[in-house]
Amino acid sequence: MPRLITVAAAQLGPIQKSESRSVAVERMVRLMERAHKRGVELVVFPELALTTFFPRHYHRDIEQADSWFENSMPSNETVPLFDAARRYGIGFHLGYAEIAHEADETGAIRKRRFNTSILVGPEGDILLKYRKVQLPGHAEYDPKRIVQHLEKRYFEVGNLGFPVIRAPMGGLDGINMGMMICNDRRWPEAWRVLGLQSVELVALGYNTPSLNMEAGGFEAHHLRVFHSHLSIQAGCYQNACFAVATAKAGTEDGAELFGHSIVVNPQGEIVAMASSWDDELITADCDLDMCTLGRTTIFAFDKHRRPEAYGRITGQTGAVAPQVWTKR
Ligand code: ING
């Protein structure tokens, strides 16, 4: 009996700075309703799906940014998503900005801010939480930039690692699911940590500017989408897993985010792709047994990996200069 699950990337169009969470949540419930009609069993929403991509806006006092965060999950505004999950028997992934009051590495309880995502089961249980590790951008206002990207200002580095959970989803009694968020997809380390936990399905949301905001050098526009797809396709192929990658897209207060949400299979093939930069549902049937081929042949980690040769990957942060050849 094939282990089939029908998934959807529920891409969102723009959310303007002035738009309320309830408007976004209403759009998301509509997408879940459409997903239900198509027999979808897991819906993946984008990163920071409840609000505009607020790290593009500078707040001198970071407490002024707290209105972009959720102090609880579910919060009053997000309860309709959990109700829809139970009503339709659909699981979902949600990206949001999280405020948590918890101990830090010194043991002190304090207010902490993370770029977070959760996986919710068809009965409304939160199955897994992840906090974004690879935070791009910068912490201080950068006058050179066309648009700010202040994730390092508003969020701490995630402290939950890259977890994978095996939990019931759709008609299956267990699927190995993991998450990453946006910039994480560009780092092979993130994919491999999930792969080393036998992940079968990676849910990831993203908010990616369609233009290079750093003005740090020419990058042809078409490469923005190419690099996003390349990262996800490589991650799936090299770890024999599926991924559902969902964009928040369109122009938010003049700043453009690209769409091109995709579902990718363990062969690295794009099996579905969004064509608009607005609210759009793309769906795919995933036969999880497709993970077996890669995992038992080319990427049979236990047979082929050589951790003793990979020490630099966790032993080093930045690159060092290489040895210099000299003629003997
Ligand atoms: N956004 C972008 C991303 O990694 C980015 C930032 C874009 C970094 C392009 C480098 C190149 O997709 C978020 N939110 O991480």
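The values are calculated or read from the model by the stated rules, or taken from the named source; none is laboratory data. What you are looking at is a predicted structure, and each value in this text was computed from that prediction instead of being measured. Every residue, glycine among them, receives a Cβ derived from its backbone with ideal geometry; neighbour counts consider all protein chains shown. All accessible areas refer to the heavy atoms of the entire protein, side chains included, with ligands and DNA or RNA removed. Shrake-Rupley method; radii C 1.70, N 1.55, O 1.52, S 1.80 Å.
Residues in the range 19-71 that are over 23 Å from Tyr88 (Cβ atoms) and among the small types (Gly, Ala, Ser): Ser20, Ala65, Ser67.
Residue pairs whose Cβ atoms lie under 9 Å apart, sitting 6 or more positions apart in sequence or on different chains, and linking a residue in the range 122-142 that is closer than 20 Å to Thr317 by Cβ and free of Cβ contacts under 8 Å to residues at least 60 places away in the same chain to a partner that is away from the ligand (no atom under 16 Å from the Cβ) and not in a strand (DSSP E or B), are Arg131/Asn159; Arg131/Leu160; Val133/Asn159; Val133/Leu160; Val133/Gly161.
Whenever a residue of the range 220-231 is more than 17 Å from Val244 (Cβ to Cβ) and touching a residue at least 40 places away in the same chain (Cβ under 8 Å), it has no partner that is within 11 Å of the ligand (Cβ to nearest atom) and of a type in the set (Gly, Ala, Ser) lying with C-beta atoms less than 8 angstrom away and at least six residues away or across chains.
Going through Ile62, Ile90 one at a time, which residue ends up being of a type outside the set (Ser, Thr, Tyr) and touching a His at 6+ places or on another chain (Cβ under 9 Å)? The match here is Ile90. Residue by residue through the range 293-328, note down the ones that are without any contact (Cβ under 8 Å) to a residue 12 or more places away in the chain, part of a helix (DSSP H, G or I) and open to solvent by less than 90 Å² (accessible area, probe 1.4 Å). Within the range 293-328, Thr296, Pro307, Ala309, Gly311, Gly315 meet the criteria.
Condition check ((1) under 19 Å from Thr246 (Cα atoms); (2) outside any helix (DSSP H, G or I); (3) open to solvent by less than 10 Å² (accessible area, probe 1.4 Å)) across all residues:
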| site | (1), (2), (3) |
| --- | --- |
| Ser72 | no, yes, no |
| Pro80 | no, no, no |
| Asp83 | no, no, no |
| Arg86 | no, no, no |
| Phe92 | yes, yes, yes |
| Thr106 | no, yes, no |
| Arg113 | no, yes, no |
| Gly124 | no, yes, no |
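Selection of the range 176-216 for residues being acidic (Asp, Glu), in a loop (DSSP other than H, G, I, E, B) and within 16 Å of the ligand (Cβ to nearest atom) yields only Glu214. Pull up the range 157-201, narrow it to residues that are among the acidic types (Asp, Glu) and out of contact with any strand residue (DSSP E or B) (no Cβ under 6 Å at 6 or more places or on another chain), then point me to the one that is least open to solvent (accessible area, probe 1.4 Å). So, considering only residues that are among the acidic types (Asp, Glu) and out of contact with any strand residue (DSSP E or B) (no Cβ under 6 Å at 6 or more places or on another chain), the one least open to solvent (accessible area, probe 1.4 Å) is Asp184. Screening the candidates Ser228, Ser261, Ser210 for the property of being open to solvent by less than 20 Å² (accessible area, probe 1.4 Å), within 19 Å of Arg34 (Cα to Cα) and among the hydroxyl-bearing types (Ser, Thr, Tyr) yields one hit, Ser261.
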